[in-house]
Amino acid sequence: RKEVEQDPGPFNVPEGATVAFNCTYSNSASQSFFWYRQDCRKEPKLLMSVYSSGNEDGRFTAQLNRASQYISLLIRDSKLSDSATYLCVVNRNNDMRFGAGTRLTVKP
Amino acid sequence: GAVVSQHPSWVICKSGTSVKIECRSLDFQATTMFWYRQFPKQSLMLMATSNEGSKATYEQGVEKDKFLINHASLTLSTLTVTSAHPEDSSFYICSARDAGTGGEGTEAFFGQGTRLTVV
């Protein structure tokens, strides 16, 4: 079993749609969690950290369920510029593990 | 914000030659840096953890004699792909976290990546 698992997609949605990505992790001792965004042929960039209480940043909402070892990312009112691969990242003792990424394409 | 600079951004080399990739933290100190490899349409795979002043820690299946890592200072780590072959062609990315502001919740910053093509 992979340490971090994501639905690879692709997700093809129209502009304005709401889309949700899920991620599960296997190590219950994982300490911190992130969503990164990676554009084609570019390095990953932090989208947002994920806190136990859940957190929101504009159109993006991240949630963490430690009991189920599950992380989610919700994108509301999708924009064309949201098209990218979204990586779920789980960290323990400075060892960051990446999910395979979920590819999102937002179409006009 | 913190910046990690990686050089070169792309390189084409002949099979059998060696290629060195540099990763620098520009405005913070990084006792630990990470080297990843990403093949097309696949996720980042951790190759090794580079520790300042000591030997790197390699992931299972990564040949330490082929992928030489040197972390001589708190701001520089280098990855040398020795005797490169076409199957080593990939996107190599380094990352680092700010040791000063550290904590498990601190984000990792990534270099721009190096696209290596071995012909």
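At-a-glance table
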quantity: Index of the failed condition, B:Thr49 passing every other in (1) β-branched (Val, Ile, Thr); (2) under 21 Å from B:Ser18 (Cβ atoms); (3) within 11 Å of chain A (Cβ to nearest Cβ); calculated: (2)
quantity: Residues satisfying the stated conditions in the range B:64-87, i.e. under 14 Å from the mean Cα position of the chain (by Cα) and not β-branched (Val, Ile, Thr); calculated: B:Lys64, B:Lys66, B:Phe67, B:Leu68, B:Asn70, B:His71, B:Ala72, B:Leu76, B:Ser77, B:Leu79
quantity: Residue within the range B:8-15 that is more than 14 Å from chain A (Cβ to nearest Cβ), assigned to a strand (DSSP E or B), among the β-branched types (Val, Ile, Thr) and more than 15 Å from the chain's Cα centre (by Cα) present; calculated: yes
quantity: Some residue of the range B:52-67 being assigned to a strand (DSSP E or B) and within 14 Å of chain A (Cβ to nearest Cβ); calculated: yes
quantity: Cβ pairs under 8 Å, 6+ apart, first in the range B:6-18 and of a type outside the set (A, V, I, L, M), second exposed (fewer than 11 other Cβ atoms within 10 Å of the Cβ); calculated: B:Cys13/B:Val119; B:Lys14/B:Val119; B:Ser15/B:Pro86; B:Ser15/B:Val119
quantity: Selection within the range B:90-119 - within 22 Å of B:Lys41 (Cα to Cα), surrounded by fewer than 18 Cβ atoms within 10 Å (Cβ to Cβ) and either more than 10 Å from chain A (Cβ to nearest Cβ) or modelled with pLDDT under 90 (or both); calculated: B:Thr117, B:Val119
quantity: Counted residues, the range A:9-19 - those being more than 12 Å from every other protein chain (Cβ to nearest Cβ) and loosely packed, with under 14 Cβ neighbours inside 10 Å; calculated: 5
quantity: The range B:16-32, subset modelled with pLDDT of 90 or more and part of a strand (DSSP E or B), residue nearest to the other protein chains (Cβ to nearest Cβ); calculated: B:Cys23
quantity: Single residue of the range A:90-108 satisfying the filter (over 14 Å from the mean Cα position of the chain (by Cα) and part of a loop (DSSP other than H, G, I, E, B)) that is farthest from the other protein chains (Cβ to nearest Cβ); calculated: A:Pro108
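Each row is one residue, and each column tells you yes or no for (1) surrounded by 13 or more Cβ atoms within 10 Å (Cβ to Cβ); (2) within 14 Å of chain B (Cβ to nearest Cβ); (3) in contact with a Leu (Cβ under 7 Å, 6 or more places away or on another chain).
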position	(1), (2), (3)
A:Asp7	yes, yes, no
A:Phe33	yes, yes, yes
A:Lys42	yes, yes, no
A:Lys45	yes, yes, no
A:Ser53	no, yes, no
A:Ser72	yes, no, no
A:Ile75	yes, no, no
A:Lys79	no, no, no
A:Cys88	yes, yes, no
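The values are calculated or read from the model by the stated rules, or taken from the named source; none is laboratory data. In this text, all values refer to a predicted model and were calculated from it rather than measured experimentally. As a convention, Cβ positions derive from the backbone with ideal geometry for all residues, glycine included, and neighbour counts pool all protein chains shown.
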